[in-house]
Amino acid sequence: MVRLIKRDGRLFIELPETLQDKEIKAIKLEPEIFVVASEEAIKRLIDRQLRYVITRRVKNRLVRGEGKTEKTVTKAWGEDFAIISSDEAARAFSREHAWEFKRGELLGVKGFDGKYYVVRASVYTETLSKMEPELRKEPKTAKELASALGLDEGLVKAVLEIAKEDGIVYEDKEGRYHYAG
């Protein structure tokens, strides 16, 4: 357990013996707030923060998009999720469902594959709770996870992409998703 010790008006952190041989780093979050952690933990923290910023920017662009466009929705919107393959289609979809995004009923993110993933918030929560035990056992691809749970692969991929942006799961180089918790 980490302890804070105050001596001569200064604060010191006492680390447990388990961390004494490890390389420990500090990162400044605010003028007076520092996080002390291993190098891996700091990398994960920075990655999560970057994903959060990117997600917010993508959501803002989806809601503010304008102009006449053609729709290209890879997976038809079935009231639960959509995978949209073009920027124009995403902007059109966003305009149609702007109030649902603003109320938090729909969650959306642009994946690194260039596609936009949109999931109804209630479906996201329910599906993620089904996926968690499977991902805790062992890492799986979206296809493996979908077949193990008997769910649509597109839905699973959309939920995983949003969970990845939230820092709940992470994807390795082989396309397998790991539970981060």
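What follows is calculated from the coordinates using simple rules that are stated; it is not laboratory data. Computed from a predicted model, the values in this text were never measured in an experiment. Virtual Cβ from ideal backbone geometry, glycine too; neighbours counted across all protein chains shown.
The modelled label-to-label distance between Thr125 and Asp113, using points 7 Å beyond Cα along the C-beta direction, is 2.7 nm.
Karplus-based coupling profile of the range 111-117, in residue order and whole Hz: x, 5, 7, x, 8, 9, 10, with θ = phi - 60° in 6.51 cos²θ - 1.76 cosθ + 1.60 and x standing for Gly or Pro. The calculated FRET efficiency for Glu79 paired with Trp99, based on their beta-carbon distance and R0 = 22 Å, is about 0.90. For the pair Glu153 and Asp87, label points projected 7 Å from Cα toward Cβ lie 2.9 nm apart.
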